[in-house]
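Reading through the structure tokens given below for one structure.
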Amino acid sequence: MGSVADCEASLVQALYVPRKAIGDRCRSQNACDRVALQIVSQILVHPLLNLSRRATINRLEFEMVRRYYDLPSLTALAVFEASARHLSFKLAAAELNVTPGAVSRQIKAIEDELGVPLFTRLGTGVALTSAGEDLYGVLASGFSRAAEVVRNVKRGDRSKNVTLACTDAFASTWLIPRMPDFWTRYQDIAVDHLILDNPRDYRRAEVELRIRYGFGSWSNEHAELLFDETIYPVCGPGFASKHRDATAESLADLPLLHVDWVDPDWAGWDEVLRRAGVPHGSTRGRRFGKFFVALQAAQADQGVAVGWHRLVKAQIDEGKLVRLTDLELPAPGSYYLTWNENRTLSPAAESLRSWIREAAAQERES
């Protein structure tokens, strides 16, 4: 007979054997494997146990991991990480190809085991508790690092790719127009652009660098200031000509172009008018899901958009947009370059980081 660990491993392996093959396998295996297969044959047919093969596998794998690391089930941790990243059990279920009910059961099991709630159930979804935030930060970093190692093992030293994440607004108006300089100087490096407006998706395993707008504090990330921002109203030349007498106080009466930002750190018209001390009720106008599309509408004389100076400067210089009124406010946040503080950057990422720093320095001086 082998060791306990040998028998346990045999039992887990045996659970993957089709039932019809158990008899043949029992006659040909060593003592551990024979015992394991016999146990499995009883589990699968015993009417009182009523355990599925998958549930039994999960349970045994769970106990093996628990004994060494004192962790909950890896399956439950993966379900929690997906749910925390999406802040939605439904979206996590879709990603993992299971039912929302299965996700809820895994979350309840891990909460029961830890003895604390990880989520606050809201009418429109879920929010992380402080304990949930702590656990999510560690898991996201750990899963990301594990995925990075696996990816590097698979590809060896052949790859010089680096993945950079940022919003659609920043990519389309500031980053991409400057990228030809990087491509010319670093022709051996391929940059993969992850363009996402939901900053929670920036934790994907392949992302090494992120350009964020906000206040400089993100869990498990080192943040380096690139430049500050200023906001002011912008519109097309034709619209400005028709409203040359417009003032900050009359902005609320004009057709305003609203952007439904996914990230609440970006300011909209309500916040701009409030900070400017302009009395207003419900503001009229059109709504857009993308900042760049709102700018296109402004260029077409459809209304007034909130202009973020770093993002609209080129259009103003080209005469496609003009400033309307003398209203100007410092943006509440700034732009930052961030990376995982628990992860060593690849040489390709270090080269891209140096280039972004150089481009940001030029931006600050302009």
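The values are calculated or read from the model by the stated rules, or taken from the named source; none is laboratory data. No experiment lies behind these values; they were computed from the predicted model shown. Methodologically, a virtual Cβ is constructed for each residue, glycine included, from the backbone with ideal geometry; neighbour enumeration extends over all protein chains shown. Heavy atoms of the whole protein, side chains included, go into the accessibility calculation; ligands, DNA and RNA do not. Shrake-Rupley method; radii C 1.70, N 1.55, O 1.52, S 1.80 Å.
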**Report entry** Residue-level accessible surface for residue 341, protein heavy atoms, 1.4 Å, Å²
**Finding:** 110 Å²
Query raised in the report: If r is the Cβ-Cβ distance from residue 290 to residue 249 and R0 is 35 Å, what FRET efficiency results, to the nearest 0.05?
Result: 0.75
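Where does the range 240-366 land on Rg/Rh, using Cα atoms and the Kirkwood Rh?
Working: Rg = 17.6 Å, Rh = 16.8 Å.
That ratio equals 1.05.
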Query raised in the report: How much length is gained if the chain between residue 217 and residue 108 is pulled fully straight, taking 0.36 nm per residue apart and subtracting their Cα-Cα distance, in nm to one decimal?
Result: 36.2 nm
Query raised in the report: Once you sort the root eigenvalues of the Cα gyration tensor of the range 120-257 as a ≥ b ≥ c, which label holds: rounded (a/c under 1.5), prolate (a/b larger than b/c) or oblate (the other case)?
Result: oblate
Query raised in the report: So if R0 is 35 Å, what FRET efficiency would residue 160 and residue 95 give, r being the distance between their Cβ atoms, rounded to the nearest 0.05?
Result: 0.75
Query raised in the report: Which chymotrypsin sites (Phe, Trp or Tyr not before Pro) from the range 171-254 combine a DSSP loop assignment with at most 12 other Cβ atoms within 10 Å?
Result: 215
Query raised in the report: Just the accessible area per residue of the range 306-366, please: how many Å² with a 1.4 Å probe?
Result: 46 Å²
Report summary line: Taking only protein heavy atoms and a 1.4 Å probe, the highest-to-lowest accessible-area order of 317, 263, 181 is 317, 181, 263
**Report entry** P(r) tail fraction, the range 180-326 - alpha-carbon pairs more than 21 Å apart, %
**Finding:** 52 percent
Report summary line: From the cross-link list 108/290; 90/290; 160/290; 90/160; 242/290, the entries with a Cα-Cα span beyond 29 Å are 108/290; 160/290; 90/160
Requested in this report: Round to the nearest 0.05 the FRET efficiency obtained for residue 278 and residue 168 when R0 = 22 Å and r is the Cβ-Cβ distance.
Outcome: 0.20
